[in-house]
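Before anything else, here's the structure in question.
The values are calculated or read from the model by the stated rules, or taken from the named source; none is laboratory data. The structure displayed is predicted, hence computed values, not measured ones. Ideal geometry is used to build each Cβ from the backbone, glycine not excepted, and the neighbour counts take in all protein chains shown. Just so you know, the surface numbers come from the protein's heavy atoms only, side chains and all, with ligands and any DNA or RNA stripped out. Shrake-Rupley method; radii C 1.70, N 1.55, O 1.52, S 1.80 Å.
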Amino acid sequence: MRQVFSILVNNHAGVLSHVSGLFARRGYNIESIAAGPTENPEATRIVIVAFGEEETLEQIAHQLRKLYDVREVEQLQYNRSVTRELVLATVSADADKRTEVLQIANAFGANIVNISDNSVTLEASGNDHKTRILIKALERYGISNMARTGMIALPFDEMTDEWEPLA
């Protein structure tokens, strides 16, 4: 099972190390981690995506809540959250292939941030599904360099338990 943890912590040096250290000490693997300031300058939001059995993930949440600088831990459901990730990718694209790469970028709403004689660097943001499909589409041209931010997430505002996503 995949779990997105949204962890609100006190904003000071060493907190990210303590939170990620909990995962390392217990042998839990982190798929992605992103941290940044919130609307409150005294708080930082850390979003961690991890895989594991439901019991293990519940134990992680329980242990996170025990850390001194942790203010709040939310276990977000993917279909009840807004999620985004930023991808920067440099793709091989000589004159013959450049139009195709630019069409793919356009179809995914990606921005071109650099063009050279033999490559195109683009930036794209979206949910996990969108970014994975974009990367898959670009792989056939050859991705020479790539950086991904990791997922950031917030729960949908005012969603009731009875809410069901549209099919």
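State which residue is farthest from residue 137 (Cα to Cα) when the search covers only region 77-92 and only residues that are aliphatic (A, V, I, L, M) and modelled with pLDDT of 95 or more.
86
Output the helices (runs of 4 or more DSSP H) that fall wholly within region 51-167 and possess 3 or more residues being polar (S, T, N, Q) and within 25 Å of residue 38 (Cβ to Cβ), or say none.
Where helices (runs of 4 or more DSSP H) fall fully within region 51-167, none carries at least 3 residues being polar (S, T, N, Q) and within 25 Å of residue 38 (Cβ to Cβ).
Identify, from the list 125, 119, the residue that is within 19 Å of the chain's Cα centre (by Cα) and not β-branched (Val, Ile, Thr).
Sole residue among the options that is within 19 Å of the chain's Cα centre (by Cα) and not β-branched (Val, Ile, Thr): 125.
Pairs only if they're at least six apart or on different chains, beta carbon under 7 angstrom, first in region 97-117 and more than 15 Å from residue 135 (Cα to Cα), second not in a helix (DSSP H, G or I); list them, first residue then second.
Note: pairs meeting the criteria are 97/141; 98/120; 113/121; 113/122; 113/123; 114/121.
Here's a follow-up. Mind checking which residues of region 34-74 are closer than 19 Å to residue 154 by Cβ, exposed (fewer than 12 other Cβ atoms within 10 Å of the Cβ) and of a type in the set (Asp, Glu)?
39, 42
Sticking with this one: Every residue in region 11-33 that is open to solvent by less than 70 Å² (accessible area, probe 1.4 Å) and within 17 Å of residue 61 (Cα to Cα), please.
15, 19, 20, 21, 22, 23, 27, 28, 30, 32, 33
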